[in-house]
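Taking it in order: structure first as structure tokens, then the write-up.
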């Protein structure tokens, strides 16, 4: 990403906020450990009886805790989150909070769920954190690079340079937003490269880490993706909507390991954009 900084005030603020991001994983993991034995209460947010869109007491408690930490340090910054009303920004900074990305995984005990916290400056995502309490790892970025912290060590992230469609690894999920005929046409465009599966935010982190070439998904909310944008870009990866637009507002998202692959896959997906529900 190598994002531009605007003035000394921005540089000073970014140092403070980056230090905040770096300290969050330990705080979040302690919070989870302290509350992990609590009874799990699940509600379905879906307005119909077909979809299962769960929210739990853990989602709400995590978001309340994260919001309190942000407000204590940055009282003028805005906050958008999955479970509660947005807080209006009194400056150009706004935080994005997805307390549990992958609630379905969380509910059934799959360890790939995460806490996603990101920072926007003038609607551009500049800092991100993807914390995986059950995997004992977290991903984040600074002004120039992205990192993963695991096994008590920090590693710099570098995405892959593969761009030949028949030699890459793609995973994705359309979440029922396209019909089966269209879904199969998209998958066939990529042949054996495509796997229809999702590990939520971990998908994108694996692209940044150089373990996966691309992710294709539909119907993401802003808080699903804002924290992952700078992590991807500062690793050398690319992310946009299927039509090539900015990803900060969510929607139908394509993330790839490099510019050549992004351009190729955007062209392949273009005819299918209007097929999404």
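Values quoted throughout were computed directly from the atomic coordinates according to the rules given, and no laboratory measurement underlies them. If you're wondering where the values come from, they're calculated on a predicted model, not measured in any experiment. Cβ: placed from backbone, ideal geometry, glycine included. Neighbour counts: every protein chain shown.
Judged by the ratio a/c of the largest to the smallest principal axis of the C-alpha gyration tensor, the stretch 7-156 counts as oblate, that ratio being 1.5 or greater while a/b is no larger than b/c.
Under the 0.36 nm per residue contour assumption, what length would be gained going from the current alpha-carbon distance of residue 42 and residue 123 to full extension? Could the numbers behind the result be given before it?
Working: separation 81, 0.36 × 81 = 29.16 nm, distance 3.26 nm.
Between residue 42 and residue 123, full extension yields an extra 25.9 nm.
Among 41, 170, 80, the residue with the largest mean-square fluctuation in a Gaussian network model of the chain, with springs joining Cα atoms closer than 10 Å, is 41.
Quick check: residue separation of residue 277 and residue 175 times 0.36 nm, minus the Cα distance between them. What number comes out in nm? Show your work: numbers first, answer last.
Numbers: separation 102, 0.36 × 102 = 36.72 nm, distance 1.05 nm.
In short, 35.7 nm is gained.
Of all the options 215, 55, 207, the one that moves most in a Gaussian network model of the chain with Cα springs shorter than 10 angstrom is 55.
Under the rule a/c < 1.5 gives rounded, and otherwise a/b versus b/c splits prolate from oblate, where does the stretch 32-78 land using the Cα gyration tensor? Please list the in-between numbers first.
Values: a/c = 5.32, a/b = 1.58, b/c = 3.37.
Oblate is the answer for the stretch 32-78, as a/c is 1.5 or above yet b/c matches or exceeds a/b.
Once both labels are positioned 7 Å from their Cα atoms along Cα-to-Cβ, the gap between residue 267 and residue 35 label points is 4.8 nm.
Take the Cα of residue 195, step 7 Å toward its Cβ, do the same at residue 76, and the gap between the two points is 4.7 nm. Computed over the chain, relative contact order equals 16 percent, with contacts defined as Cα pairs under 8 Å that lie 6+ residues apart. Quick one: work out Rg over Rh on the C-alpha atoms of the chain, Rh as Kirkwood radius. Using Cα coordinates only, the ratio equals 0.95.
Calculated FRET efficiency, residue 161 and residue 16, Cβ-Cβ r, R0 45 Å, to nearest 0.05?
Working: r = 35 Å, r/R0 = 0.78.
Result of the calculation: an efficiency of 0.80.
Counting neighbouring beta carbons within 10 Å and listing from fewest to most, the residues 43, 199 come out as 43, 199. Approximating the spin labels as points 7 Å out from Cα along Cα→Cβ, the residue 86-to-residue 154 distance works out to 3.2 nm. Need one word for the stretch 101-173: rounded, prolate or oblate. Basis is the Cα gyration tensor (sqrt eigenvalues a ≥ b ≥ c); a/c below 1.5 gives rounded, then a/b vs b/c decides. Verdict is rounded for the stretch 101-173. Once you reduce the stretch 119-146 and the stretch 162-184 to the center of their Cα atoms, the two points are 26 Å from each other. Quick one: Cα centre-to-centre distance for the stretch 87-118 and the stretch 228-248, in angstrom? Answer, in whole Å: 18. Under 18 Å from a point 7 Å along the Cα-to-Cβ line of residue 221: which residues of the stretch 21-53 have their amide N that close? Counting only backbone N, you get 41-53.
Nearest 0.05, what FRET efficiency do residue 259 and residue 27 give at R0 = 41 Å with Cβ-Cβ as r? All intermediate terms of the calculation are to be shown ahead of the outcome.
Working: r = 36 Å, r/R0 = 0.88.
Step by step, r from the Cβ atoms, then E = 0.70.
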